[in-house]
Amino acid sequence: MNISLKSALFATALALASPALAAGTAPNGMPLADDQTFTYRVLDEHSSVDPQIVEDVSGSEIVRDLFEGLFNQDRKGNLVPGVATSYDVSDDKTVYTFHLRDNAKWSDGTPVTAGDFVYAWQRLADPETASPYQWFIEIMGVKNGSAVMAGDMPPSELGVKAIDDHTLEVTLEAPRPYFPLTTTHASTFPSPKWVIDKWGADWTKPEHIVSNGAYVLTEHVPQERSVRERNPMYWDNEHTIIDKVTALVINDENVAFTRFKAGELDRTEIPTGQYPVLKKEMPEATVVFPRLCTYYYTINVSDSAPEFLKDKRVRQALSYAIDRDIIVNNVTQGGQIPAYTFTPAATANFEVPTVDYATWTQQERNTKAMELMAEAGYGKDHPLDLTLIYNTSEGHKKIAIAISQMWKQTLGVNVTLENQEWKTFLQTRGNKDYEVARAGWCGDYNEASTFLDLVDTDSGYNDAGYSNPEVDRLLAEAKTMDNPQPNYTKVEQIIADDMPIIPIYHYTGNYLMNPQLVPSWPVENVEQNWYSKDLYKVAK
Amino acid sequence: MLSFILRRLAVAIPTLLVLVVASFYLMQFAPGGPFTSERPLPPQVLANIEAKYGLNEPTWKQLVNYVGGILTEFDFGPSYKYKDRTVNDIIAQGFPVTLKYGSISFVVAILVGGILGIAAAVRQNSWLDYFAVGLTIGAQVLPNFVMAPILILIFTLWLGWLPGGGWNGGQWQYLVMPVIALSTSYMASIARLTRSSMLEVLRSNFIRTARAKGLPNHVIIWRHALKPTLLPVVSYLGPAFVGMVTGSFIIDSIFSTGGIGYFYVNAAFNRDYAVMMGLTILLGSMTILFNMLVDILYAWIDPKIRL
């Protein structure tokens, strides 16, 4: 028997959305503005708008408007129906059956079918596509994903098939409790085989592209702008309010700020260091929200590391001696949250575990740090010399200077600061050719494993070179647990003690935003997966 | 004259070849690669991507394939960063943009700079001269990455006359600020070159003779002094023209004009090999071509050089 998850949640979501809104009224009951266009700044040109090729955030934002996957996210990040209306899962939790709506259409009028998803997922896994997100098929745990990726099996062997036009069946290697969440990721969106076959790599050009989302790409001037407009074929077009969305490429944040003030933009980032001032001057236009990202320093504990870094006491002392409150209040000044553990509190179904040093005062941490350092044989008369690397950026530099001062004052550590150009930095850090390095991590999906997997021995992102069999075991076990929180708690506690990484703060996102747009912005969606179809501008 | 041109060509082609080979190898020396990222790709995925782009071949073979692609199909390769586009696409879209604002800037710089320089030299030590010298020094010391945001502040935010950036097919409103920001320092150099060259010419013997003959001043300036004055200016104009029409990183990134100038710096940061190479070849061959044109122009203005 299948457990039907045609849940009350989905039903409610549909019911809420169904009654057509009175003309000129926003979903929140306020009157709508006449102008329903949304123009925002992006830092750089997007990499692609091909769902299986796109790899950057700004590209994915466009892809989420142009295409629609099985599920979407609501304002809070919960799953809501997209092309799929519901799914069933087998008793052993390895077979998912998705029921697709029958009124979904591509922008050329062709119905969206289960076959379009099968094609897209096979395309994602196919080595010939050479997708940078090919590995996502492994994260999802789709059966035979790894073998197809490696070229050992043809893409047709992938565990996904169309039972009929409106039923999609996915078979997993093993239970993955978070699997449904992955269906909101751009790389899982359907793609139109007939268009790709006809135009090849040129299919994403505005004159050729066919998409199934709420918008269609109407203009793309690389390095300048891309424009998407309402898709009349979209099944829920009548509830779409924003008519036209324009992404302007503006590299310089201060120029973007000026253009925002001149009324050319509805949204831009707050320039570095300006948040405290702007919050006072334009409170109605500053939007701040937590993000699924952690800023941290990684310590080389691999075989290539110097001996003193292999001493746990040194690592703990370095962490304790950092006054995180000073960093967030006086250096970054953007409402960041001090971090003592790795996974942000904003992560879904995750409770931040208690670790001892988080509960101490900074005075207590400093005292403990000095004791530990003395035990390890270092002190002001026998100082430790350390090199800290970071990628060239004003922000990272300020933080590095502040932290090196704290280490110097509290522990007498002599820190050499070294900045490196981005790709050089990544190579140095990846090769574990460093002592302490700056790092940042944003979750790929809203679940704690996207963070904690970094300390797994085999993780490709484990730049610390940390290896603890107990941690590996807890993480592997967590993959199939219905409630993995106890394991996550243990892992956080172990790494807070071993300290291969020093958490510093959890990021916050911030925007300067047209106050008319603010009420519809999904600030509570920590992944910031926003959909233009859910946005609107209220009247002034 | 023909043999002079042929001799110059014979040097130009090997120069370009050396440029291609040297940049190709230098580029590979830089740490990291196009697919190095904060999230390192799993080895299998990286291998698949490298195989697709032929990056798994030895460097010399990649170079041969690359040059082969250019010679046989005029294909400058794909962009590894902007995966929807090829290098040909990027240049076809961005070069007309920089060509347009660059050529206009070039004309503005010559006209304003030249007239300012001549006027200053003819009226040496007058208020006009001091004004011109002051203006050009000011223009030269104000870098365009400072001037560009100031222009936006004034014309977009305060006055509200011009859009703060974009291209929109190159309408005049979108051209004004990029042209001012790009032409100013070139204008200043041209003015100063013209002034000092003109001053030198005006003190030479043949001008004294012309004055002694009783020729009117404007005839002396325009008919006798102008041509020799232009010699040093012309040698500057070749590289200046190339520099302007191939765009500027500052202009493209501050005004979002969408030109190729942005890629000079960015392609290097992204290790977008083919884009870097394509632009290097474009810039290199234009520099060689225009230096050659200047040499020919020079030979035409001054017959002594042809010898």
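The values are calculated or read from the model by the stated rules, or taken from the named source; none is laboratory data. None of the values given here were measured: they were computed from a predicted structure. Note: ideal-geometry Cβ built from the backbone for every residue, glycine included; neighbour counts use all protein chains shown. When the accessible area is computed, the model is the full protein with side chains, heavy atoms only, and any ligands, DNA or RNA have been set aside. Shrake-Rupley method; radii C 1.70, N 1.55, O 1.52, S 1.80 Å.
Numbers at a glance
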quantity	calculated
In segment B:31-47, the residues that are within 7 Å of chain A (Cβ to nearest Cβ) and more than 25 Å from A:G443 (Cβ to Cβ)	B:P31
Flag for B:K227 being of a type in the set (K, R) and within 19 Å of B:V294 (Cβ to Cβ)	yes
Criterion violated by A:G335 - all others in (1) part of a helix (DSSP H, G or I); (2) on the phi > 0 side of the Ramachandran plot satisfied	(1)
Which numbered condition A:A348 misses (of (1) more than 18 Å from the chain's Cα centre (by Cα); (2) in the same structural domain as A:V415 (by TED's automatic domain parsing); (3) small (G, A, S))	(1)
Residue in segment A:143-160 that is under 19 Å from B:K83 (Cα atoms) and surrounded by fewer than 17 Cβ atoms within 10 Å (Cβ to Cβ) present	no
B:V18, sole failed condition from (1) within 14 Å of chain A (Cβ to nearest Cβ); (2) surrounded by fewer than 17 Cβ atoms within 10 Å (Cβ to Cβ); (3) among the aliphatic types (A, V, I, L, M)	(1)
Tally of residues being of a type outside the set (A, V, I, L, M) and within 14 Å of chain B (Cβ to nearest Cβ) across segment A:212-234	7
Test: residue in segment B:51-59 that is part of a loop (DSSP other than H, G, I, E, B) and within 10 Å of another protein chain (Cβ to nearest Cβ)	no
Qualifying residues in segment A:399-416 (those that are open to solvent by less than 20 Å² (accessible area, probe 1.4 Å) and over 32 Å from the mean Cα position of the chain (by Cα)) - the one farthest from A:Y505 (Cα to Cα)	A:G412
Identity of the residue in segment A:106-133, aliphatic (A, V, I, L, M) and either under 28 Å from B:Y53 (Cβ atoms) or without any contact (Cβ under 8 Å) to a residue 12 or more places away in the chain (or both), that ends up nearest to the other protein chains (Cβ to nearest Cβ)	A:A130
B:F145 vs. criteria out of contact with any Lys or Arg (no Cβ under 9 Å at 6 or more places or on another chain), part of a helix (DSSP H, G or I) and open to solvent by 40 Å² or more (accessible area, probe 1.4 Å)	yes
Selection from segment A:257-276 of residues that are away from chain B (no Cβ under 14 Å) and not in a loop (DSSP other than H, G, I, E, B)	A:R267, A:E269, A:Y275, A:P276
Residue check, A:T272 among the hydroxyl-bearing types (S, T, Y) and open to solvent by 50 Å² or more (accessible area, probe 1.4 Å)	yes
Which listed residue, of B:I115, B:I137, B:I70, B:I104, is among the β-branched types (V, I, T) and in contact with a Leu (Cβ under 7 Å, 6 or more places away or on another chain)	B:I104
Test for A:D108: is it in a loop (DSSP other than H, G, I, E, B), more than 30 Å from A:R228 (Cα to Cα) and among the charged types (D, E, K, R)	no
Considering residues of segment A:446-467 that are over 18 Å from B:L41 (Cβ atoms) and aromatic (F, W, Y) only, the residue least open to solvent (accessible area, probe 1.4 Å)	A:F451
Flag if A:N366 is assigned by TED's automatic domain parsing to the domain that holds A:N431 and in a loop (DSSP other than H, G, I, E, B)	no
Where B:L231 falls short, out of the listed (1) away from chain A (no Cβ under 14 Å); (2) under 12 Å from the mean Cα position of the chain (by Cα)	(2)
Test: A:Y536 is closer than 26 Å to A:A262 by Cβ and in a strand (DSSP E or B)	no
Candidate set from segment A:414-470 (those that are more than 22 Å from A:A321 (Cα to Cα) and basic (K, R)); member that is nearest to the other protein chains (Cβ to nearest Cβ)	A:K423
Yes/no for A:D50 being surrounded by fewer than 24 Cβ atoms within 10 Å (Cβ to Cβ), within 24 Å of B:F263 (Cα to Cα) and either over 16 Å from the mean Cα position of the chain (by Cα) or among the charged types (D, E, K, R) (or both)	no
Test: B:V108 is of a type in the set (A, V, I, L, M), modelled with pLDDT of 95 or more and surrounded by 17 or more Cβ atoms within 10 Å (Cβ to Cβ)	yes
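Table: residues versus (1) of a type in the set (F, W, Y); (2) buried (at least 16 other Cβ atoms within 10 Å of the Cβ).
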{"position": "A:Y87", "(1), (2)": "yes, yes"}
{"position": "A:D92", "(1), (2)": "no, no"}
{"position": "A:T97", "(1), (2)": "no, yes"}
{"position": "A:W106", "(1), (2)": "yes, yes"}
{"position": "A:D116", "(1), (2)": "no, yes"}
{"position": "A:R123", "(1), (2)": "no, yes"}
{"position": "A:D126", "(1), (2)": "no, yes"}
{"position": "A:T129", "(1), (2)": "no, yes"}
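Condition check ((1) under 30 Å from A:S60 (Cα atoms); (2) of a type in the set (D, E)) across all residues:
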{"residue": "B:D89", "(1), (2)": "yes, yes"}
{"residue": "B:L99", "(1), (2)": "no, no"}
{"residue": "B:D129", "(1), (2)": "no, yes"}
{"residue": "B:N144", "(1), (2)": "no, no"}
